[in-house]
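Some notes on the structure that comes next.
The values are calculated or read from the model by the stated rules, or taken from the named source; none is laboratory data. Being a predicted model, the structure only gives us computed values, none of them experimental. Methodologically, a virtual Cβ is constructed for each residue, glycine included, from the backbone with ideal geometry; neighbour enumeration extends over all protein chains shown.
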Amino acid sequence: MASVYRSNTLSVSIERQADQVYEYIREARNLPHWANGLCRSIRESDGEWVIETPDGPATIRFVERNRFGVLDHVVTLLSGRETLVPMRVMANGGGCEVILSVFQLPGVPDAAFADDAALVHKDLQALKSVLER
């Protein structure tokens, strides 16, 4: 039987319509404006989005555009290691909820897992701030 990884699901309420938030997040060029914990800069190269992360360059690719608000994405490091990041935007009255799950993968110490979750929390707060201006 496969192991279940420890996880932390974080969320933020945003006072903007879900479809607007979905489109903003889905536009990869916006990542440096709100996701500083992951993306310092971004550029397109050979049809891929290359981001500069705290650990060096990586690529990011989102799932196909969909009507369910799913924004799952895969971050691939130069080493080839891929990390799936589950993310979703859900309507909540006149606004929305953005949720993102972080998993503690094998070999990741508890402190690093806590740091990752803290960075995601900070990024989600930045997203809220940018979109509610």
Requested in this report: Mind counting the residues in the range 76-111 that are more than 17 Å from the chain's Cα centre (by Cα) and not in a strand (DSSP E or B)?
Outcome: 11
Query raised in the report: If Asn30 passes every condition in (1) at pLDDT 95 or above; (2) touching a strand residue (DSSP E or B) at 6+ places or on another chain (Cβ under 8 Å); (3) over 20 Å from Asp115 (Cβ atoms) but one, which one does it miss?
Result: (2)
Query raised in the report: Which members of the range 40-83 meet the condition of being farther than 20 Å from Ala112 by Cβ and of a type in the set (Lys, Arg)?
Result: Arg43, Arg61, Arg65, Arg67
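Residues checked against (1) in contact with a Cys (Cβ under 7 Å, 6 or more places away or on another chain); (2) loosely packed, with under 15 Cβ neighbours inside 10 Å; (3) over 16 Å from Thr9 (Cβ atoms); (4) of a type in the set (A, V, I, L, M):
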position: Glu27; (1), (2), (3), (4): no, yes, yes, no
position: Leu31; (1), (2), (3), (4): yes, no, yes, yes
position: Asp46; (1), (2), (3), (4): no, yes, yes, no
position: Thr53; (1), (2), (3), (4): yes, no, yes, no
position: Glu64; (1), (2), (3), (4): no, yes, yes, no
position: Gly80; (1), (2), (3), (4): no, yes, yes, no
position: Gly94; (1), (2), (3), (4): no, yes, yes, no
position: Gln125; (1), (2), (3), (4): no, yes, no, no
position: Ser129; (1), (2), (3), (4): no, yes, yes, no
Requested in this report: Considering each residue of the range 40-54, count those that are touching a Leu at 6+ places or on another chain (Cβ under 7 Å) and either among the charged types (D, E, K, R) or under 16 Å from Glu27 (Cβ atoms) (or both), and give that number.
Outcome: 2
